[in-house]
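Scroll down for the structure; my scribbles are underneath it.
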Amino acid sequence: ELTATVDRRVMLRQSVEIGPLSQRGRFFVAFWLYDTGCRPVRLSARLVGQGQSPPLRSEIPFSCGE
């Protein structure tokens with residue numbers, strides 16, 4: 001499940017089912033964010049159904065410059 005927020009406003013909350021893993025034990029998912037504007041977007045990702053492990057967090061530092 002991915003949650004994307006801008007200024008504490010949720011822009012996206014989306015879940016996808018995980019399919020077969022690669023030989024390295026990985027699975028990649030794409031999430032599209034529209035109309036992000038000029039503010040940093042905070043991301044929080046977690047595996048649903050895997051206990052209460054803390055989510056992975058990151059930020060996309062969008063900004064506008066003239």
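The values are calculated or read from the model by the stated rules, or taken from the named source; none is laboratory data. Only a predicted model underlies this, so the values are computations on that prediction, with no experimental measurement involved. Quick reminder, even Gly has a Cβ in these numbers, built from the backbone with ideal geometry, and neighbours come from all protein chains shown. Heads up: the accessible areas ignore ligands, DNA and RNA and are worked out on the full protein's heavy atoms, side chains in. Shrake-Rupley method; radii C 1.70, N 1.55, O 1.52, S 1.80 Å.
When peptides 32-42, 53-63, 2-12, 18-28 are ranked by their average number of other Cβ atoms within 10 Å per residue, the highest-first order is 2-12, 32-42, 53-63, 18-28. Averaged per residue, the chain has 89 square angstrom of accessible surface, using a 1.4 angstrom probe with ligands and nucleic acids left out.
Computed over neighbours whose Cβ is under 10 Å from that of Val6, the net charge equals +2, Lys and Arg +1, Asp and Glu -1. With the charge dipole of the chain set up from +1 on Lys and Arg Cβ and -1 on Asp and Glu Cβ about the Cα centre, the Cα lying farthest toward the positive end among the listed residues Gly19, Gly49, Thr3 is that of Gly49. Relative contact order of the chain: 32 percent, from C-alpha pairs under 8 Å at least 6 residues apart in sequence.
Bin all alpha-carbon pair distances of the chain at 5 Å intervals from 0 and give each bin's fraction as a whole percent. For the chain, the binned pair fractions read 4, 14, 23, 23, 16, 11, 7, 2, 1, 0 percent.
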